[in-house]
Amino acid sequence: MSAIVKVEDLTRIFDVSKPWLNRVIERSPRALLTAVSEVSFEIEENSVYALVGESGSGKSTIGKIMVGLVPPSRGRVEVDGVDLATETDRAKVDAVRADIQMIFQDPYASLNPRWTVRDIINEPVSIKGGDTKGLAERLLEQVGLSAVDAGKYPHEFSGGQRQRICIARALAAGPRIIVCDEPTSALDVSVQSQVLNLMSDLREELGLTYLFISHDLTVVHHMADKIGVLYLGGLVEEAPRDRLFDAPKHPYTQMLFDAAPRMDAFGREVDPPKGEIPDAINPPPGCPFHPRCPIAVDRCREERPRLRPIGETRVACHLAE
Amino acid sequence: MTTPVLSVRDLVVEIPTRRGVLRPVDQVSYDIHAGEILGVVGESGAGKSMTGNAVIGLLDRPARIVSGEVLLSGEPVHALKGERLRKLRGKKMGMIFQDPLTSLNPLLTIGEQLTETILEHLDVTQSEARERAIAALDEVGIPAARQRIGSYPHEFSGGMRQRVVIALALCAEPDLVIADEPTTALDVSVQAQIVALLKRLCREKGVAVMLVTHDMGVIAEAADRVAVMYAGRLAELGPVREVITNARHPYTAGLMASTPVASQGHRRLRQIPGAMPRLDNLPSGCAFHPRCDRAEPRCREEPGPSLEACDGRAACWFPLTEKTEVSA
Ligand SMILES: Nc1ncnc2c1ncn2[C@@H]1O[C@H](COP(=O)(O)OP(=O)(O)OP(=O)(O)O)[C@@H](O)[C@H]1O
Ligand SMILES: Nc1ncnc2c1ncn2[C@@H]1O[C@H](COP(=O)(O)OP(=O)(O)OP(=O)(O)O)[C@@H](O)[C@H]1O
Ligand code: SF4
Ligand SMILES: [Mg+2]
Ligand SMILES: [Mg+2]
């Protein structure tokens, strides 16, 4: 097995300061928000790598950097050995861009309402002057819709059908990797299962690789081969699926698993987690999780733990073993 | 049997439109007793919010109750209007919505909002009201309540705001709380805090709670009974464990089997074909029949039966009697 995507030391800092004049008048300092902090991981070909984490943990930002929608502040993403941010050979960059596509959470917002489904699906190919004859029709059938749908407009479709259209569009350029950012969060459960099954089928048929972004642990458990857990922009734990769910090593992962509601846990009394995610502009020193961590010691308040391997797991916690 | 805190009887809500009259709530009946949490689940557009809003008299025009009854501790309230409705709503019923900002006034401090509500509904002095407000914030887990009482809603995080809304919903000591997707916008860890809080308050204060959510996990952990809605009607109603592990209505069974469960690994998910119909295009007979693998000609011709057809559990001509795939 070889890695098709390599993410190394990826960092993205957003300047969220007030406008310059306000800063001068109010004497407020520059505010920098570290959305993604020194994240490294690899995705193997034809596997599903999931990123989980709560709101603001940096999942979407990593996805957007991977497809080139947001530039990194530091670090790099290599796809098939090509670094999008520094590669100067246009042909290589174009090839990689076509190799990696993205599906977004909101199937309503991501389709242009005035275009036919055919135009929407064909666009990634037609802007490059490629041949689109019969393309949309074929892809629609591949995602479980019908070729006659190509002439319709997005409003004629339900949420689940729209997400299928988004998937068809992502497939148009013949990608090898798809970044899926919460692809089923806006869908009802009965429709979510249709989309998840479709994604699994396409992975097998086309040999696709997925970066699967989600905050839903049961969906991640269902889909992923390997999982990275993010907290405040940093990877706190990474492990193959069963390893992570059977033996979570980071106190945050453990807290997340305990807190997640379970359909088979009738009347369960949880001891709910303490506190909330801190402000990303002023993250706590040391381990970012220490203010909420039940086992934190002095060292945690001072020194930021690095990711270190323990068996098949990588974990960023001083006390994990 | 004691009188239920809330009793909804054959409730019908209609919306007149240019294309005809829609029925977002159709013949819905259920009870909620003191200290009980009734979970309400169903797909988007099934009529969950519309049912909750009809109960608290907050239907947006042109939607209106055309028949049926809403009884609060045995008293009919569905016909109340204006000032009497408003008074009753604040005193006897509390509301918690998905977006806490819809329930909070951005221009008033949370202390002002709480004391105002308390003074309006309880016979207390200004300073007693203030003390009660602090106690209410303390109860829902706002740290340093006495100091935070002068803060404005925007100074709180989403989870903290939802706690304030819960304090506001409970400060006049209502008998019934309607919580419509109270944790949907929140993170898992905060959701767990809010659900634990709701359960504790329900148990300690004997409040009856209608908890609307699309999260089966939340229902399993919090609700005593669950009502499953489909296209405006109750498809199934029963004790939570029974409905989840032993669904009788084919829609409920499909819903359970299509939900990923961590303990079942990479098993292929069951799919329910198609999507819920729109109200202006309801199929004949049982609205679920085009998606149902048990449908017979009768299902196309006759509207689904009342819940009584299947021990008061499921509105289906051919309910399941075997155990479904999902198990605890
Ligand atoms: N363009 C931007 N400008 C400023 N800050 C941003 C920008 N994009 C993201 N952020 C911030 O970066 C952090 C990470 O955001 P991101 O959207 O990646 O999180 P996420 O894990 O996808 O969260 P969610 O689950 O809510 O989608 C957040 O604090 C967010 O406010
Ligand atoms: N003003 C209106 N005109 C026409 N139809 C309406 C109107 N308001 C609501 N509806 C319809 O009423 C139905 C019930 O809506 P309701 O908000 O109760 O659904 P819900 O079960 O709460 O869904 P969700 O999970 O999305 O909140 C929906 O099909 C909706 O489209
Ligand atoms: S490093 Fe310390 S504070 Fe951070 S998770 Fe581990 S024990 Fe907790
Ligand atoms: Mg996101
Ligand atoms: Mg609703």
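Taking a ≥ b ≥ c as the square roots of the eigenvalues of the Cα gyration tensor, the range B:24-81 is classed as oblate, since a/c reaches at least 1.5 and a/b does not exceed b/c. Per-residue surface analysis assigns B:Tyr152 an accessible area of about 80 Å², computed on protein heavy atoms at 1.4 Å probe radius. For the range A:1-56 versus the range B:217-285, the spacing of their alpha-carbon centroids is 38 Å. Note that the range B:20-32 has calculated 3J(HN,Hα) couplings of x, 8, 9, 10, x, 10, 10, 6, 8, 9, 6, 10, 10 Hz, one per residue in order, obtained from phi through the Karplus relation 6.51 cos²θ - 1.76 cosθ + 1.60 (θ = phi - 60°); glycine and proline are x.
Using heavy atoms of the protein chains and a probe of 1.4 Å, the accessible area assigned to B:Arg270 is about 70 Å².
Does chain B come out rounded, prolate or oblate by the C-alpha gyration tensor, with a ≥ b ≥ c the root eigenvalues, rounded set by a/c under 1.5 and, if not, prolate when a/b is larger than b/c and oblate if not? Prolate.
Most simply put, the range B:161-281 has about 55% antiparallel DSSP beta bridges, counting only bridges with both residues inside it.
The portion of the accessible surface of the protein assembly as shown made up by carbon and sulfur, rounded to a whole percent, is 49 (1.4 Å probe; DNA, RNA and ligands excluded).
What accessible area per residue comes out for the protein assembly as shown, rounded to a whole number of Å², with a 1.4 Å probe?
It amounts to 44 Å² per residue over the protein assembly as shown.
Solvent exposure of A:Asp225, expressed as accessible area, is near 50 Å², computed with a probe of 1.4 Å over the protein chains only. For the segment A:212-221, counting C-beta atoms of other chains within 10 Å of every residue's C-beta and taking the mean gives 3.
Across peptide A:271-284, the average count of Cβ atoms from other chains found within 10 Å of a residue's Cβ is 3.
Which percent, to the nearest 5, of DSSP beta bridges fully inside the protein assembly as shown are antiparallel?
If we restrict to bridges inside the protein assembly as shown, about 60 percent are antiparallel.
Helix B:158-170 and the longest principal axis of the Cα set of chain B meet at an angle near 80°. Estimated purely from DSSP H runs of n ≥ 4, each contributing -39500 (n - 2.57), the mean residue ellipticity at 222 nm for chain B is -9500 deg cm²/dmol once divided by its residues. Once each part is reduced to its C-alpha centroid, what is the distance from the range B:1-19 to the range B:146-186 in angstrom? Each part reduced to its Cα centre gives a spacing of 27 Å. Ranked by solvent-accessible area (1.4 Å probe, protein heavy atoms only, all chains present), the residues B:Glu155, B:Glu139 order from largest to smallest as B:Glu155, B:Glu139.
Considering only protein heavy atoms, with the full assembly of protein chains and a 1.4 angstrom probe, order B:Phe288, A:Phe14 by accessible area, largest first.
In descending accessible area the options line up as A:Phe14, B:Phe288.
To the nearest hundred square angstrom, how large is the accessible surface buried between A and B, total for both chains, probe 1.4 angstrom? Its buried surface, counting both partners, is about 3600 Å². Accessible area ranking (1.4 Å probe, heavy atoms, ligands and nucleic acids excluded), largest first, for B:His154, A:His290: B:His154, A:His290.
DSSP beta bridges confined to chain A are antiparallel in about 60 percent of cases.
Taking a ≥ b ≥ c as the square roots of the eigenvalues of the alpha carbon gyration tensor, the protein assembly as shown is oblate, as a/c is not under 1.5 and a/b does not beat b/c. Taking only Cα atoms, what is the 0 to 90° angle, nearest 10, from helix A:90-99's long axis to the longest principal axis of chain A? Helix A:90-99 and the main axis of chain A meet at about 90 degrees. For the peptide B:214-227, the mean number of other protein chain Cβ atoms found within 10 angstrom of a residue's Cβ is 4.
The values are calculated or read from the model by the stated rules, or taken from the named source; none is laboratory data. All figures in this text were calculated on a predicted structure; none of them were measured in a lab. Cβ atoms come from the backbone with ideal geometry, glycine included; neighbour counts cover every protein chain shown. To get the accessible areas, we keep the full protein, side chains included, count just its heavy atoms, and leave off ligands, DNA and RNA. Shrake-Rupley method; radii C 1.70, N 1.55, O 1.52, S 1.80 Å.
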